[in-house]
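The values are calculated or read from the model by the stated rules, or taken from the named source; none is laboratory data. This is a predicted model, so every value here is computed, not measured. Positions of Cβ are generated from backbone atoms using ideal geometry, with glycine treated the same way; all protein chains shown enter the neighbour counts. We work out accessible area using only protein heavy atoms, side chains counted, and drop any ligands, DNA or RNA first. Shrake-Rupley method; radii C 1.70, N 1.55, O 1.52, S 1.80 Å.
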Amino acid sequence: MAMSINSSPVLTGESAKAFIEEAERNAMLPTPHVSEEREAELREVELRSREFFTKLMNSNNG
């Protein structure tokens, strides 16, 4: 006879209360953000990665 397995644990009692309180505290914290300069750097890295991958795939097909 097969037993069902829950994919996520269920919190009850003090554990559930502590989890909810911590989640509510975390919801009030400021969300970190990336500066415009850093976003531009990340876009450049992404662009170079895509170009490299494209060249790599084209050189393997040629």
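Compute the acute angle (0 to 90°) between the alpha-carbon long axis of helix 36-61 and the principal axis of greatest extent of the alpha-carbon atoms of the chain; round to the nearest 10°. In the chain, helix 36-61 runs at an angle near 60 degrees to the longest axis.
Solvent-accessible area assigned to carbon and sulfur over the chain amounts to 58 percent, based on a 1.4 Å probe. Placing unit charges on the Cβ atoms of the charged side chains and taking the dipole of the chain about its Cα centre, the candidate lying farthest along the positive direction among Asn58, Ala23, Leu42 is Asn58. In order along segment 8-16, the phi-based Karplus estimate (6.51 cos²θ - 1.76 cosθ + 1.60, θ = phi - 60°) of 3J(HN,Hα) comes to 9, x, 10, 8, 9, x, 5, 4, 5 Hz; Gly and Pro are listed as x. With a/c under 1.5 counting as rounded, go ahead and sort the chain into rounded, prolate or oblate using the C-alpha gyration tensor (a ≥ b ≥ c being the square roots of the eigenvalues; past the cut-off, prolate if a/b is larger than b/c, else oblate). Here the chain falls in the oblate category. Compared with the direct C-alpha span, the chain from Arg38 to Leu11 gains 5.8 nm at full extension, assuming 0.36 nm per residue. Using a probe of 1.4 Å, the accessible surface attributed to Glu37 totals some 140 Å² when neighbouring protein chains are kept in position.
Couplings 3J(HN,Hα) of segment 19-25, computed from phi: 4, 5, 4, 5, 5, 5, 5 Hz, in residue order, whole Hz [Karplus 6.51 cos²θ - 1.76 cosθ + 1.60, θ = phi - 60°; x for Gly and Pro]. Describe numerically, in nm with one decimal, the distance between label points set 7 Å from Cα along Cα→Cβ at Arg25 and at Ser59. Taking the two extended label points, one gets 5.3 nm.
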